[in-house]
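Below is one structure, written out as structure tokens; the observations come after it.
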Amino acid sequence: VIPTRKMLALISSTASLGFTLPSSAAAVGGARCSAVEMISVGEKLPKSVLSKAGLSGKKGALFFYGADDAPSCSKELSEFEGSLADFDARGVSVVGVRNGAGAKGYDGPIRVIVDDGDEMREELAIEKDLFGLLGGRETYVVDQSGTVVSVHNNQFDPKSHVTTALAAAESLPAGAPNPFEAFAEALSSLKPPELPALGGN
């Protein structure tokens, strides 16, 4: 059986950390529960996923993680917080996703949502790591049309999700300005005409 991309990445990551996997691990195929294929660069995220994340018609970085209070997840949230201004400067919205069990009261500046029943994960066919013990840590960057420009998976290096997403965000075109915002700005710059002074008598 041919190993999946994420299983190969997992084997490489665990080896780099000094862990030894059983020799049979290289033959594990990571079978799916459905026929849904993983989303790749150049494809569009499903409209339902974009809608749930509030990213319809927007440039965005959508990252899936485990739990608010897990050490590695907390580090990832902190890294995204530290780079939030850089994403904002490029017009890229950052949204984090975890399921109900992983919602532990995060109240930071990043918008995070709950993926009820892992519906979004299943729709995107995000594979689990460590032989199904951990939900996959996956980050997508999309342009305004919802087209994926970057997909990144690394369970053991949370910071890499931020650096990879930011590099992808920098490659996105600035995009056309919002016509309503431009109109509002133009109105705010207008000065009311000066009325002639009313004469006495």
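Rule-based calculations on the coordinates, nothing more; no lab input. Keep in mind the model is a prediction, meaning the values are calculated, not measured. Cβ sites come from the backbone with ideal geometry, for glycine too, and all protein chains shown count toward neighbours.
The trypsin sites (Lys or Arg not before Pro) of the stretch 72-179 meeting both criteria, a DSSP state outside H, G, I, E and B (loop) and at most 14 other C-beta atoms within 10 angstrom of the site's C-beta, are Lys104. Checked against a 23 Å cut-off, the cross-linked pairs Lys75/Lys128; Lys44/Lys75; Lys104/Lys159; Lys52/Lys104; Lys128/Lys159 give Cα-Cα distances beyond that limit for Lys44/Lys75.
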